Amino acid sequence: MSELSQANMALLDEIKGLIHQARQQAAVAVNAELTLLYWQVDSVLLPRY
C-alpha cells in the first residue's frame, strides 16, 4: 500500500470529521426523541395508575 499524500491525508481527515459530526448530531436527535417518547408514555400511564 502506498503512502497517502499530505493532500489526501487532509481530505481523509476532513471526511472523518464530517462523519463524526453527523454521528454526534444524530445521537443528540435520537436522545431528544427518546426523551419525548418517555414523557408521552408517562403521560399515558400516570392517569391510569
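We did not get these values from a lab; they are worked out from the coordinates using the rules stated. Fair warning: this is a prediction, and the values are worked out from it, not measured in the lab.
So the values come out like this:
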item	result
Coarse-grained scattering of the chain at q = 0.14, 0.27, 0.32, 0.33 Å⁻¹, given as base-10 log I(q)/I(0) from a Debye sum over alpha-carbon atoms	-0.57, -0.92, -1.03, -1.05
Cα-based helix-to-principal-axis angle, 6-45 vs the chain, degrees rounded to 10	0 degrees
Helical mean residue ellipticity (222 nm; -39500 (n - 2.57) per DSSP H run of 4+; nearest 500) of the chain	-30000 deg cm²/dmol
